[in-house]
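Notes for the one structure printed next.
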Amino acid sequence: GPVSRQFVLRTVDEQLETRRGEPLRVTELSTACGVSVRTLYNVFEEAHGVSPMAYVRLRRLNAVRRTLVRADPDETTVSEAALRWGFWHPGAFSVLYRRTFGETPSETLRRRR
């Protein structure tokens with residue numbers, strides 16, 4: 001029968017976990033879920049109001065932010081944290097991060113808790 005929406009959402013989350021620092025493409029995600037790219041888009045639009053790749057990017061940005069919040073600035077760099085979650089281009093990453101969280105990644109890292 002048809003693949004359930006929950007299955008698709010769960011499978012994408014599993015891909016995010018197991019392929020942490022790797023690039024993820026929408027075609028690979030749809031294959032992993034056993035659905036067409038169009039179905040994948042529909043599921044994410046209905047469930048989250050965003051495209052599958054926007055969801056992946058946001059999940060990864062939040063993961064980097066959690067890493068930076070917990071990290072010791074003397075032991076972790078922004079680029080290490082970004083790379084760990086699959087952000088390869090430091091400039092583009094910083095712009096995206098700041099647009100999403102209203103501060104630079106280094107500000108998050110240096111903030112005294």
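Figures for the structure shown
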quantity	calculated
Residues located in the range 16-36, provided they are over 11 Å from the mean Cα position of the chain (by Cα), farther than 15 Å from residue 4 by Cα and open to solvent by 50 Å² or more (accessible area, probe 1.4 Å)	18, 25, 27, 28
Residue count for the range 37-56, restricted to those that are out of contact with any Gly (no Cβ under 9 Å at 6 or more places or on another chain) and crowded, with 16+ Cβ neighbours inside 10 Å	7
Output for the range 59-94, where each listed residue is outside any helix (DSSP H, G or I), among the aromatic types (Phe, Trp, Tyr) and surrounded by 15 or more Cβ atoms within 10 Å (Cβ to Cβ)	85, 87
Condition met for residue 41 (under 20 Å from residue 13 (Cβ atoms) and touching a His at 6+ places or on another chain (Cβ under 9 Å))	no
Residue in the range 43-51 that is under 27 Å from residue 89 (Cβ atoms), among the β-branched types (Val, Ile, Thr) and part of a helix (DSSP H, G or I) present	no
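Residues are listed down the side, and each one gets a yes or a no for (1) in contact (Cβ under 8 Å) with a residue 24 or more places away in the chain; (2) aromatic (Phe, Trp, Tyr); (3) within 21 Å of residue 102 (Cβ to Cβ):
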position: 38; (1), (2), (3): no, no, no
position: 43; (1), (2), (3): yes, no, no
position: 54; (1), (2), (3): no, no, yes
position: 67; (1), (2), (3): no, no, yes
position: 84; (1), (2), (3): yes, no, no
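The values are calculated or read from the model by the stated rules, or taken from the named source; none is laboratory data. Nothing here was measured: the structure is a model prediction, and the numbers come from that model. A quick note on method: Cβ atoms are made from the backbone with ideal geometry, for glycine too, and the neighbour counts reach across all protein chains shown. Note: accessible area is taken over every heavy atom of the protein model, side chains too, but ligands, DNA and RNA are not part of it. Shrake-Rupley method; radii C 1.70, N 1.55, O 1.52, S 1.80 Å.
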